[in-house]
Amino acid sequence: MIEGMTALYIFMLSAFTGYEIIGRVPVILHTPLMSGSNFVHGIVLVGAMVAMGHAHTTLELVIGFIGVALAAGNAVGGYVVTERMLEMFKSSKGSN
Amino acid sequence: MHNIIQISYFIAAFLFIFGLKRMSSPLTARDGILWAGIGMLVASLITFFEPGMENYLLMTTAIFVGGIAAFWSGKKVAMTDMPQMIALYNGMGGGAAGAIAAVELLKGDFHSQTFLTLAVLGALIGSISFSGSMVAFAKLQGLIRRPMRFPGQQLFNIAVFLVAAGFGAVLVIRGEFTGSIILIFFAAALAYGMFMALPIGGADMPVVISLFNALTGLAVAFEGFVLNNAAMIIAGTVVGSAGTLLTQLMARAMNRSLGNVLFSSFGASGGAEESVEGSMKPIDAVDAGVMMAFAERVIIIPGYGMAVAQAQHKIFELMEMLLARGVDVKFAIHPVAGRMPGHMNVLLAEANVPYDRLYDLDEINAAFPQTDVALVIGANDVVNPSARTNPDSPIYGMPILNADQAKNVIVIKRGQGKGFSGVENALFFGDNTRMLYGDGQAMVGELIEAVKEF
């Protein structure tokens, strides 16, 4: 169980981390990085699974199902698109 | 088992941050996504072992349904359509955060008022991000053609938002939920996201998608607090703050505040229609090709039109051809050219144009006066000199590429229409400007033929 203050500390430190990571990025990586961070919040899949796993009524189950499907789409789609984008960076490096 | 699960989440959180860090340098970017991917795999597999879970069969089905659909669409989509796919997947994440909150609200057993508040906040933000991203997707995909605006829109939007926030507050204060209140809350939040994105023009979409990306991250973090899941809190918060910074960087590149992007009806003002002196002078591809073949210095300015016409490979060919003749070729990249930051860089990288030929706005603007030919392909607002000269112009103050200062300007354009901002472009009427009308890819092809001839 994460206590209230600990949670607040985690929140603050994570916020600075995100800010620092983007702060020094060249413009050419903005799109892949936006795509990459879009993939990272696909971690919502874990939460959707937990919510669905504890669903009892039919309504909860239906909403949970939609949530898990959407979250899986976020994670998988985010990965595929980011990977394809970064793939091109490799090939262009060879030709320089 | 509990410890193994917690350690797995810890590893996942570490890998996400490590992966994002690797992604922030061109040399290590490719393995960055791999590390983050491993983190995701670890976190989602271990979740199957969370105690007290049921509905495994349906859950696995849901993962496959969403995962396969996204995998298939992500593999199939053309590189030029990437921005809307990011909007789409981002919206799905926001929707998932909203769904988590909905399930938790229906169950109704919260440890404290704080958790309840966070659940409702996450639901509000996630739902807005979901419907807003879907509208952004529909716009970029061409399903919604025009920005939708009507009188009193801002007041109407504020009213819709207040309904959502009000019913959210009712949920928190009463601490006991009826289905109808939850339903109205979600409906109003979804409606607000939709109405918020509808009036925003295509040119502002990168900023908006980035904002929704940050919002989804925040929503995920809030639901992470509710579910007591550290991986969600950390990953969500990191994305939330990184996305906020990226949004600011993009808005700044357009010399506009975020509020301005979201709340001013850009290019919608009926008043002060600009009168531009002169006329547009057409040129054919052969003349344009000759002009470039015998130039010393050429700067190519790509914009969204290049992406639409898929002309990046032809542009690469043209570049090779000119370089072989000893012409110095540079690319001028405006920070908000295209529909995403770095959109042009990605497309040109796909076509093998080396990085060291791409120049930022600050680096290249001084070079235009010594340039023989500036070739504008599919860019419009980012080269409009009114941003520099005309205080009445809606885009006044936005940093632009000073293409008008080149000795000759060739603009490849499909027709005589205005840019996404709806503003007339003074560049097209300049004495040193010639218009090459036609599809971007076809016209660059003809330019290549013309350069070959001479």
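We did not get these values from a lab; they are worked out from the coordinates using the rules stated. Since this is a predicted model, take the numbers as computed values, not measurements. Backbone-built Cβ (ideal geometry, glycine too); neighbour counts: all protein chains shown.
Quick look at the values:
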item: Added length on full extension, which subtracts the Cα-Cα distance from 0.36 nm per residue, B:GLU317 to B:GLU453; result: 47.5 nm
item: Cut-off under 5 Å, modelled amide H: who pairs with B:ASN408 long-range; result: B:VAL373, B:ALA374
item: Around B:GLY303: net Lys/Arg minus Asp/Glu count, Cβ-Cβ under 13 Å; result: +2
item: Three-way shape call for chain A based on the alpha-carbon gyration tensor, with the a/c threshold at 1.5; result: oblate
item: Averaged over B:36-43, number of beta-carbon atoms from partner chains that fall within 10 Å; result: 5
item: Charge-dipole axis of the stretch B:368-427 as Lys and Arg at +1 and Asp and Glu at -1 on Cβ define it, positive-most pick from B:GLY397, B:ASN380, B:GLY415; result: B:GLY415
item: By average C-beta atoms within 10 angstrom, highest first, the peptides A:74-84, B:138-148, B:295-305; result: A:74-84, B:295-305, B:138-148
item: Taking all pairs of distinct alpha-carbon atoms in chain B, Kirkwood radius in angstrom; result: 24.1
item: Selection from B:TYR355, B:LEU245, B:ALA102 lying farthest towards where the dipole of the protein assembly as shown points positive, charges on Cβ; result: B:ALA102
item: Kirkwood-based shape ratio for the protein assembly as shown, expressed as Rg/Rh from alpha carbons; result: 1.02
item: Sequence ranges A:61-68, B:48-55, ranked by mean other-Cβ count within 10 angstrom, highest first; result: A:61-68, B:48-55
item: Simple Cβ-charge dipole of the protein assembly as shown, Lys/Arg +1 and Asp/Glu -1, about Cα centre, in debye nearest 20; result: 240
item: Between the stretch B:96-166 and the stretch B:16-66, the Cα center-to-center distance that results, in Å; result: 25
item: Positive minus negative residues near B:ALA69 (Lys, Arg vs Asp, Glu; Cβ under 15 Å); result: +2
item: Cα gyration tensor, the stretch B:317-415 - rounded (a/c under 1.5), prolate or oblate; result: prolate
item: Point-to-point label distance, B:ARG145-B:ILE158, nm (Cα→Cβ direction, 7 Å offset); result: 3.3
item: Residues with amide H under 5 Å from that of B:ILE300, placed H, sequence gap 5 or more; result: B:LYS330, B:PHE331, B:ALA332, B:LEU375
item: Average beta-carbon neighbours from other chains, 10 Å sphere, peptide B:210-223; result: 4
item: Partner chain coverage, peptide B:344-357 - average Cβ within 10 angstrom; result: 5
item: Label-point gap, in nm, between B:GLN370 and A:GLU87 - each point 7 angstrom along Cα→Cβ; result: 4.1
item: Rounded to 10°, Cα long-axis angle of helix B:205-227 versus longest principal axis of chain B; result: 20
